[in-house]
1. Does L348 satisfy being closer than 18 Å to T154 by Cα and more than 18 Å from the chain's Cα centre (by Cα)?
2. When the residues of region 121-157 are filtered to those that are part of a loop (DSSP other than H, G, I, E, B) and aliphatic (A, V, I, L, M), which remaining residue is farthest from D344 (Cα to Cα)?
3. Cβ contacts < 6 Å: first residue farther than 14 Å from F350 by Cβ and among the hydrophobic types (A, V, I, L, M, F, W, C), restricted to region 273-301; second residue in a helix (DSSP H, G or I) and at pLDDT 95 or above, any location; separation 6+ or different chain. Result?
4. How many residues does region 195-234 hold that are of a type in the set (D, E, K, R) and either within 17 Å of A56 (Cβ to Cβ) or buried (at least 24 other Cβ atoms within 10 Å of the Cβ) (or both)?
5. Which of the residues that make up region 53-92 are free of Cβ contacts under 8 Å to residues at least 40 places away in the same chain and of a type in the set (D, E, K, R)?
6. Listed residues T28, T9; which is of a type in the set (S, T, Y), surrounded by 15 or more Cβ atoms within 10 Å (Cβ to Cβ) and within 30 Å of R364 (Cα to Cα)?
7. I need the full set of residues from region 351-371 which are touching a Gly at 6+ places or on another chain (Cβ under 9 Å) and buried (at least 19 other Cβ atoms within 10 Å of the Cβ), in order please.
Amino acid sequence: MTRTGCSKTFAGYPAPLELPIKGLRKATAAKMAEDDPEFFMYGVPEGFLEFRESLASFLSEEYGFPVSSDELMAVNGSSGALDLICKVYTQGGDVVFTENPTYFLAYPTFRDYDLKPIEVPMDQDGVNIEAFEELLLKYKPKLFYTIPVAHNPTGRTTSSEKRKRIVELAVKHNFKVVADEVYQLLCFEGVDIPPPFAAFDHNNEHCVISIGSFSKILAPALRLGWLQAHPSLLKPILACGMIESGGCLNPLICGFVQKTIDMGILKENVVATRRALFGRCDRLRASLRKYMPKEASFEEPIGGYFLIVKLPEGIKSLDLLEEANKNHKVSFLPGTSFGKGFDDYIRLSFSYYCGDDLETGVKRIADALNVLMKKQGNAATEEA
């Protein structure tokens, strides 16, 4: 994948060579050495208390905001979390508000439950509240799905003021805020970000369900994440048939991950991952400035995995993808994947490749873009 002549794909995966395999092996061995037969049973539905207490302590320290173990529930990653929330809190035909643009793989989950996504336009600091309120006059959403920090695909972060207002609207209009906060722990050092969405859920009528995941901070194959919400919001999820019958969704992995927390392995990996992501993001930004035509621009992320590039006027992302794939050995996700009105944007990820490969990929995209711009210029000349 990293040879100069091979194809580059700006996919949103963690870098394989940076996964903490040795740390996971050490934590797994320590847990297995306990010889606890209870560890191999079904487990309580919300996840072992020891796991949730360790996670609560870790999150409280990282967030600077108190998190209690009774507000946490183990789930099968962020995808499994969203599926559970839709299963419990919606019925076929219900409306779900999303940001525009949003994570493109949320749409299949909404489709599975016959939900109707309604897209709310975004500003630089989160959804446009005026547009949100106008849509609430027309629709009665059951959920608002948001990626409030280091947003996928834009890299934007929702301001504290907008988070507070969204919670007020959720209480008033009786919908749940589903905050997909898988990048909350991956913001660059020294960046000032709002606390998690749950910190704004002060009302007696609780409305915020936060999603976290170990896929981004340990390893995707663990298929482990967590929900953070008031116990009254977790109760209906814990009562769904699958969990009542099967117990904890991933008890074995909960035990192993608990050890990574207790042994400091998770903390060490989060710090290392933040540092690596910042370095690669910096290289990506430098490469964009070096190779992309001046007519293109990009937004500055404060963490996470992604940034978006706005293409020159008249250039469409699908046309660029076709040229890049066919003739330049590079691919990316076009803006059309993420929502309406983004056909002149592309999403790039800085999570997978090292600096040299990122630069190579950007140069190839720039070469493809220059081909299209030249064709565009020739066509304009002929018309004149």
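The values are calculated or read from the model by the stated rules, or taken from the named source; none is laboratory data. Bear in mind that the values here come from a model prediction, so they are computed numbers and not experimental data. Quick reminder, even Gly has a Cβ in these numbers, built from the backbone with ideal geometry, and neighbours come from all protein chains shown.
1. Working: closer than 18 Å to T154 by Cα: yes; more than 18 Å from the chain's Cα centre (by Cα): no.
It is false that L348 is closer than 18 Å to T154 by Cα and more than 18 Å from the chain's Cα centre (by Cα).
2. Taking the candidates together, the pick is L137.
3. Filtered contacts from region 273-301: M292/A366.
4. As a first pass, look at region 195-234 and keep what is of a type in the set (D, E, K, R): 201, 205, 216, 223.
Restricting the remaining residues to those that are either within 17 Å of A56 (Cβ to Cβ) or buried (at least 24 other Cβ atoms within 10 Å of the Cβ) (or both) gives 201, 216.
Looking only at that region, the number is 2.
5. Across region 53-92, the qualifying residues are E53, E61, D83.
6. Numbers: T28 fails: within 30 Å of R364 (Cα to Cα).
Testing whether each residue is of a type in the set (S, T, Y), surrounded by 15 or more Cβ atoms within 10 Å (Cβ to Cβ) and within 30 Å of R364 (Cα to Cα) leaves just T9.
7. If the condition is that a residue be touching a Gly at 6+ places or on another chain (Cβ under 9 Å) and buried (at least 19 other Cβ atoms within 10 Å of the Cβ), then S351, Y352, Y353 are the ones that fit.
To keep it simple, each residue is scored yes or no on (1) assigned by TED's automatic domain parsing to the domain that holds G335; (2) hydroxyl-bearing (S, T, Y); (3) in contact with a Ser or Thr (Cβ under 6 Å, 6 or more places away or on another chain).
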{"site": "K259", "(1), (2), (3)": "no, no, no"}
{"site": "T273", "(1), (2), (3)": "yes, yes, no"}
{"site": "F278", "(1), (2), (3)": "yes, no, no"}
{"site": "D282", "(1), (2), (3)": "yes, no, no"}
{"site": "A286", "(1), (2), (3)": "yes, no, no"}
{"site": "E295", "(1), (2), (3)": "yes, no, no"}
{"site": "F306", "(1), (2), (3)": "yes, no, yes"}
{"site": "V309", "(1), (2), (3)": "yes, no, no"}
{"site": "G314", "(1), (2), (3)": "yes, no, no"}
